[in-house]
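A quick write-up on the structure given underneath.
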Amino acid sequence: MAGQLGSPDAMEPTEATTAAGPARRASVSLRRRSNWEQLGKFCAVGASGYLVNLAVYAGLLEGLGLHYVAAAIGSFFVAVANNYTWNRLWTFRGQRGSVAYQGLRFLVVSAVALGANLVVLHLLVQAGLGEILAQAIAIVLVTPLNFVGNKLWSFRRSF
């Protein structure tokens, strides 16, 4: 049943949590162990994507001499492919839907996260941080947005 303690869709709204509002839903969700386990898996996948992103970014930036924004966009696509595959197979395994449908939603959430990443990256570079360090920090700062978007939209259970 949707929203039961320990269920993988515990962040999904139920009649009880919908009536209580967003603060109640957030409070209930934060107390569910399964959500924390799923966040841990998402972060592990994200860590692999983080390493992929930074390695590709450094290669495009230093190896090919691309501008830091172009390098960030290129590394984004490689990391998205990595993250979608692992999140679908492992993190959100119990919430599988159509590959194309979930993939498109994942891409939309990732594109929003990329937009946020590029803003943070640009601000950090303009503030004097090195381009690789700035990208490393920007990825970390955008991760919560990415998780919530994918948990609540890309991989949500359909009723």
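The values are calculated or read from the model by the stated rules, or taken from the named source; none is laboratory data. No experiment lies behind these values; they were computed from the predicted model shown. Every residue, glycine as well, gets a Cβ built from its backbone with ideal geometry; the counts of neighbours run over all protein chains shown.
What residue, among those in segment 54-70 that are under 14 Å from residue 139 (Cβ atoms) and more than 19 Å from the chain's Cα centre (by Cα), is surrounded by the most Cβ atoms within 10 Å (Cβ to Cβ)?
68
Check residue 100 against each of (1) surrounded by 13 or more Cβ atoms within 10 Å (Cβ to Cβ); (2) of a type outside the set (Asp, Glu); (3) out of contact with any Leu (no Cβ under 6 Å at 6 or more places or on another chain) and name the one condition it does not meet.
Of the numbered conditions (1) surrounded by 13 or more Cβ atoms within 10 Å (Cβ to Cβ); (2) of a type outside the set (Asp, Glu); (3) out of contact with any Leu (no Cβ under 6 Å at 6 or more places or on another chain), the odd one out for residue 100 is (1).
Please indicate, with yes or no, whether at least one residue in segment 132-153 is at pLDDT 95 or above, surrounded by 15 or more Cβ atoms within 10 Å (Cβ to Cβ) and farther than 17 Å from residue 43 by Cα.
yes
If residue 82 passes every condition in (1) free of Cβ contacts under 8 Å to residues at least 60 places away in the same chain; (2) out of contact with any Gly (no Cβ under 9 Å at 6 or more places or on another chain); (3) surrounded by 14 or more Cβ atoms within 10 Å (Cβ to Cβ) but one, which one does it miss?
The single condition residue 82 does not satisfy is (2).
Surrounded by 16 or more Cβ atoms within 10 Å (Cβ to Cβ), over 15 Å from the mean Cα position of the chain (by Cα) and part of a helix (DSSP H, G or I): does that describe residue 114?
Taking the combined requirement at face value, the residue does not satisfy it.
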